[in-house]
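To start, the structure under review is shown below, and the notes come after it.
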Amino acid sequence: MSENIQDSPSETQKADLATGTDFIRALVESDAQTDRFGGRVQTRFPPEPNGYLHIGHAKAICLDFGIAHEHDGICILRFDDTNPETEDESYVDAILEDLQWLGFVPDEVRHSSDYFERLYEWAQHLVRVGLAYVDDQGSDEIADQRGGFGKPGLNSPFRDRTMAENLDLFHRMRDGEFPPGSRVLRARIDMQSENMQLRDPVMYRIRTAKHHRTGEEWPIYPTYDWAHGQGDAIEGVTHSLCTLEFSDNRALYEWFLGHLPLEQPAPYQTEFARLELSHTLTSKRKLKQLIDRGDVDGWDDPRLPTLRALRRRGYPAAALRDFCSFIGVSRTNSRHAIELLESFVRAELNAKAQRRMAVVRPLKLIITNWPTDEEGRPVTEYRTLMNNPENDADGTRQVPFSGELWIEQDDFRQEPPPKYFRLSPGREVRLRGGYLVTCTGAIEDGDGKTTEVHCTYDPATAGGAAADGRKVKATIHWVEANHALDATVALYERLFSADVPGERTGEPLDDLNPSSREIVTGCKVEPILGEQVAGDVVQFERLGYFAVDAENERLFHRTVGLRDEWAKIQKRQSGGS
RNA sequence: UCGGGGAUGGUGUAAUUGGCAACACAGCUGGUUCUGGUCCAGUCGUUGGGGGUUCGAGUCCUCCUCCCCGAACCA
């Protein structure tokens, strides 16, 4: 199930062009040379188990694991579970599963909650040396006293308690003597600091919620700032990589570690820009809102950027990894075009996905000169088609063919527009892997809608090549009508129509694309598609890549469409630009 | 308002650390092709603004502008 990604070569040519160095790798490299950590490199990936992993996490994962492994170091998966009110075991499992799918195996799995006892000891140490105190105020008062940008804060009236009193109170907090919210332990730093993070930040709060691992053992819980760097130090992390919004927390990270009796050199934090993608969102809160409102079906709805959704949609993990390595890391806030991600998906799938034929919007095609049997039914024969012209090793398959076929409605026009190469009266095209056929006419219903196309075939063109070397301008796909399987196809478009959801109005939901999903039933697919299993991704020739749904093997999710030259031409013709 | 960070084509990332601004995506043109796919060739186009140092500046100095983050007992 898991792949050894360190040893596997880049999956695509593009990935080979990825830059080998970035500012973080340069930093790590220089530390390795100056022997700051005795030549050791260790990282960690620290998700909070309160939501699902998304494409943004994939970037961090590739970085954290990539850097450690490049230096023969380890990367620990650490669940940052310091807030029992929002965290849950089910997310732990989901994160493990998604991480493995992405292709990474943590060298160790830990939890911040493993360190509660050690953290408690260290906190007492800080109290003893006068660097932490118990504040009896509520969160509103503390917030009021914190001041603002350019406005210094006020010292808490409890800031100068004696060490003995602080220690006693802190012990009693731990013993559960006080109600939630009544007291906190604060670091005693500087209420005048221009860095708000340093204005006596809270280290412990009192909570009665049941913790998913420690149960009711602890009535007090460390905050992120008090747990994170300490967890890094306990594990032996050397390079603590996180996103830009934690930049101001770095001073606090260093302050805590600088005042603790550590045996090893302290790890240090480096920030990088988080991954943003056009036409989508990675905010947990907003994602949850989409689900709660019913805009999407759930956390694995293929329109979402969560890893489970991407997997369900058919995005190969290798494409995600290649993409992440290609975009690199920097400190510049930016938003990558989702088209770039898609180009990696196509590159990977073009090489790996087997070809199949499927007709999404069927139109009957009758070959009027096709032989029939004694009972007047069209004779069936089997054509041999390549499973993947990009990879001979994938071999061939037999596909039934007869004089009664389904073709795509788009592939016939009674009156062809300029540059339209497909079927229309009098026009000859190739049925892929079959024969050259010439359209002799079409039947319409009362509303002028074409219901049946009539053609004659040239028996001398079996396989699709004309003996006389004559060329046709189009090759279309088909499915033999009497052997066809019915299927349903889910066509996806961008979830948000705007490049940057919410840029106009401030509300991303205003930019929701109302037609981000179209479910088409009554599709006709070749019989072998009945043998695909959940998660398989194939190319429907001329249409795109499609993934077999996990529960319904006759439901195909469109992973991504093929590049479509004809669509571009039409767009230009309709005066697009 | 204070502090921190950032700005290179349409988009994103690079530039041997002061020496011909490159790569990819997107676009466009053409070629190949039994997928209007793939592939191949070509093409378009870039250092936020002013001043300075220098033979030479994306890179150094200086002023300005704009953008992002920060005032949870969230992470």
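Brief remarks follow.
- Whole-angstrom gap from segment A:451-511 to segment A:237-305, using each part's C-alpha centre: 40 Å
- Relative packing of peptides A:504-515, A:230-241, A:450-461 - highest average C-beta neighbours within 10 Å first: A:230-241, A:450-461, A:504-515
- Lys/Arg +1, Asp/Glu -1 at C-beta; chain A dipole; positive extreme among A:T368, A:G530, A:A317: A:T368
- Viscosity 0.890 mPa s, temperature 25 °C, Stokes-Einstein D of segment A:140-234 from Kirkwood C-alpha radius, µm²/s: 168 µm²/s
- Using C-alpha pairs below 8 Å separated by at least 6 residues, the relative contact order for chain A is 12 percent.
- For chain A, the residue among A:A187, A:L495, A:L287 whose Cα projects farthest onto the positive side of the dipole built from Cβ charges is A:L495.
- Kyte-Doolittle at least 1.0, axis length at least 24 Å by Cα - qualifying DSSP helices, chain A: none
- Estimated FRET transfer efficiency (A:A351, A:E97; beta-carbon r; R0 30 Å; 0.05): 0.70
- Cleavage-rule hits (chymotrypsin sites (Phe, Trp or Tyr not before Pro)) in segment A:101-181: DSSP loop, at most 15 neighbouring Cβ within 10 angstrom: A:F149
- Cα-centre dipole for segment A:282-392 with unit charges at Cβ (Lys and Arg positive, Asp and Glu negative), debye to 20: 880 debye
- Shown for chain A: cysteine residues without a partner Cβ closer than 4.7 Å, namely A:C75, A:C242, A:C439, A:C455, A:C523.
- Segments A:404-412, A:283-291, A:565-573 sorted - mean Cβ within 10 Å per residue, highest first: A:404-412, A:283-291, A:565-573
- Taking other C-beta atoms within 10 angstrom as a stand-in for reagent exposure, A:Y268, A:Y204 fall in the order A:Y268, A:Y204, fewest first.
- Taking 14 Å as the cut-off, the amide N atoms of segment A:315-349 that come nearer than this to a point 7 Å along the Cα-to-beta-carbon line of A:D499 belong to A:334-340.
- Computed E for A:E70/A:H336 - FRET, C-beta separation, R0 25 angstrom, nearest 0.05: 0.60
- Remark: relative contact order (segment A:37-272) = 20 percent; criterion is Cα-Cα distance under 8 angstrom and separation of 6 or more residues.
- Cα-centred dipole magnitude for chain A, charges only on beta-carbon of K, R (+1) and D, E (-1), debye, nearest 20: 1560 debye
- In this calculation the C-beta distance from A:D458 to A:E518 is compared with R0 = 41 Å, giving a FRET efficiency of 0.65.
- Spin-label pair A:N482/A:D445, simplified geometry with 7 Å Cα→Cβ offset, distance in nm: 2.5 nm
- Kirkwood Rh and Cα Rg combined as Rg/Rh, segment A:37-272: 0.97
- In segment A:317-456, Cα pairs under 8 Å separated by at least six residues give a relative contact order of 21 percent.
- In a fully extended conformation the segment linking A:Q409 and A:T368 would gain 12.9 nm over its present Cα-Cα distance, using 0.36 nm per residue.
- Label-point gap, in nm, between A:M163 and A:L260 - each point 7 angstrom along Cα→Cβ: 2.0 nm
- Max-minus-min Cα coordinates of chain A on each principal axis give 104, 51, 45 Å, with the largest extent listed first.
Here, each number is a calculation from the coordinates, and none is a lab measurement. Everything numeric in this text was worked out from a predicted model, so none of it was measured. Positions of Cβ are generated from backbone atoms using ideal geometry, with glycine treated the same way; all protein chains shown enter the neighbour counts.
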